[in-house]
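Notes follow once the structure below has been shown.
The values are calculated or read from the model by the stated rules, or taken from the named source; none is laboratory data. Note that the coordinates shown come from a computational prediction; the quantities given were computed from them, not determined experimentally. For neighbour counting, all protein chains shown are included, and Cβ atoms are generated from backbone atoms with ideal geometry for every residue, glycine included. For the accessible areas, the whole protein counts, side chains as well, though only heavy atoms, and no ligand, DNA or RNA atoms are used. Shrake-Rupley method; radii C 1.70, N 1.55, O 1.52, S 1.80 Å.
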Amino acid sequence: MAAPLDMEPSALSLELLPTDPLLLILSFLDYRDLMSCCYLSRRLNQLSSHDPLWKRQCKKYWLISEEEKSQRNQSWKAIFISTYSDLGRYIRYYATLKKAWDDLEKYLGQRCPRMIGSLKESVREEDLDAVEAQIGCKLPDDYRCSFRIHNGQKLVVPGLMGSMALSNHYRSEDLLDIDTAAGGFQQRLGLKQCLPLTFCIHTGLSQYMALESVEGRNKYEIFYQCPDQMARNPSAIDMFITGTSYLEWFTSYVNKVVTGGYPIIRDQIFRYVHDKECVATTGDITVSVSTSFLPELSSVHPPHYFFTYRIRIEMSKDALPEKACQLDSRYWRITNAKGDVEEVQGPGVVGEFPIISPGRVYEYTSCTTFSTTSGYMEGYYTFHCLYYKDKFFNVTIPRFHMVCPTFKVSTARMETNHNEYAVDEDEDSTDTDEYEDRRRVLDIPAPSGRCPRHT
């Protein structure tokens, strides 16, 4: 018999749903909602404790594998709760930082095992709390979280945070452990309440993190210090910005390493940036360029921005043997951000006249400076054939751009009368070899040790 038309249908309740649809609904919930469901009813309490639901939470937030689960001999829910009780304050950051560390260890373990061997074990919460009490500042949670995974590295060479080498200049930055970082905590004017993240034992260079918003810095901003060499006030320190937070700074660096953005050369990470479009092929010869900015040899006041570039010249392995040739000279066209152009010619490259044959690669490193924050170079090499010595030809060097990172001017300078300073922004930009040749010919004194053009 049909129900009367005026009878209201019974309200639909989750309690009336079969188990499988309910479990499917619960699988879309986050850990907070799953825990809340435990208090709604006896049935939802039982279903919310269904172990496969917590497997997803463990993998999402703690990156726990099946193998690790079997070693613990606990349910997924028990593993989640015990891990949360230890690392719960870092749940926003842990998975991202753990993946970055895991990717870095896997990538470098095959290429730089000695570097991986320098990493230190994690620290405890009590250790981080003790450091905060020692320096009188709170550490950001993403920074603390990273040290719950690895406590930086030993002071060794090569450093985990990248290297750079020129003829008589070498930099390799270690990621400092928490105690060494705390020992270098700064309270002096110009670097007030700044914590060092890295350190180079060769140059003394560090990247700092601002723990408070003082002296024109944003809280948790990461930077290279750059003393204002024209200021009378020693606390006038400009800053080249390298990150807005520890999480962004560390994960972006790791991403460049593990994706091949930074090359591994002689078991070290070299922080050269290569634009995939910065490649030119002339006949059987390909030229590619990568560049890097050197903050330790640069300054904002006076404007002096130091760049190094690494050039790779390669002849196709399929080229005929008679294509072998030797580099005779170079030509550069150098343009700064103002549009000023300088042309440079000279014999060989870095004092050498390399021979290129099928399948052979020749690489070299040189440097240049600009009085503007950016510029670009392009040009060509002149070769002669070894089999036909009277045959000369040019090989294109692709245009490559060099850009200074974002910087901030010291608040000490901003508070000083700008008329006290005379900034010369007409300094020439040149490549290393030609500058040194020109200095000898004109009998010009060598540049000061401030920021050497020739290294």
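Could you run through the range 74-101 and say how many residues are open to solvent by 60 Å² or more (accessible area, probe 1.4 Å) and in a helix (DSSP H, G or I)?
Qualifying residue count for the region: 7.
Before we move on, is residue 237 touching a residue at least 24 places away in the same chain (Cβ under 8 Å) and touching a Pro at 6+ places or on another chain (Cβ under 6 Å)?
yes
Specify which of the listed residues (188, 144) is more than 30 Å from residue 291 (Cα to Cα) and outside any loop (DSSP other than H, G, I, E, B).
144
Determine whether residue 267 is over 30 Å from residue 206 (Cα atoms) and either among the β-branched types (Val, Ile, Thr) or open to solvent by 10 Å² or more (accessible area, probe 1.4 Å) (or both).
For residue 267, the condition - over 30 Å from residue 206 (Cα atoms) and either among the β-branched types (Val, Ile, Thr) or open to solvent by 10 Å² or more (accessible area, probe 1.4 Å) (or both) - is not met.
I'd like the residue in the range 347-356 that is in contact with a strand residue (DSSP E or B) (Cβ under 6 Å, 6 or more places away or on another chain) and modelled with pLDDT of 95 or more and, out of all such residues, is surrounded by the most Cβ atoms within 10 Å (Cβ to Cβ).
356
Open to solvent by 10 Å² or more (accessible area, probe 1.4 Å), touching an Asp or Glu at 6+ places or on another chain (Cβ under 8 Å) and either touching a residue at least 12 places away in the same chain (Cβ under 8 Å) or closer than 23 Å to residue 299 by Cα (or both): is that true of residue 205 in this structure?
yes
For the range 281-326, name all the residues that are farther than 30 Å from residue 223 by Cβ and buried (at least 17 other Cβ atoms within 10 Å of the Cβ).
Result: 284, 285, 286, 287, 288, 313, 314, 315, 319, 323, 324, 325.
Can you find, within the range 167-202, the residue that is modelled with the lowest pLDDT among those that are among the polar types (S, T, N, Q) and open to solvent by 10 Å² or more (accessible area, probe 1.4 Å)?
167
Exactly one of (1) open to solvent by 20 Å² or more (accessible area, probe 1.4 Å); (2) out of contact with any strand residue (DSSP E or B) (no Cβ under 7 Å at 6 or more places or on another chain); (3) not β-branched (Val, Ile, Thr) is unmet by residue 137. Its number?
(1)
What residue, among those in the range 156-166 that are touching a residue at least 60 places away in the same chain (Cβ under 8 Å) and open to solvent by 10 Å² or more (accessible area, probe 1.4 Å), is farthest from residue 137 (Cα to Cα)?
In this case the residue turns out to be 166.
Only one of these conditions is not met by residue 246: (1) surrounded by 21 or more Cβ atoms within 10 Å (Cβ to Cβ); (2) of a type outside the set (S, T, N, Q); (3) farther than 18 Å from residue 184 by Cβ. Which number is it?
The single condition residue 246 does not satisfy is (3).
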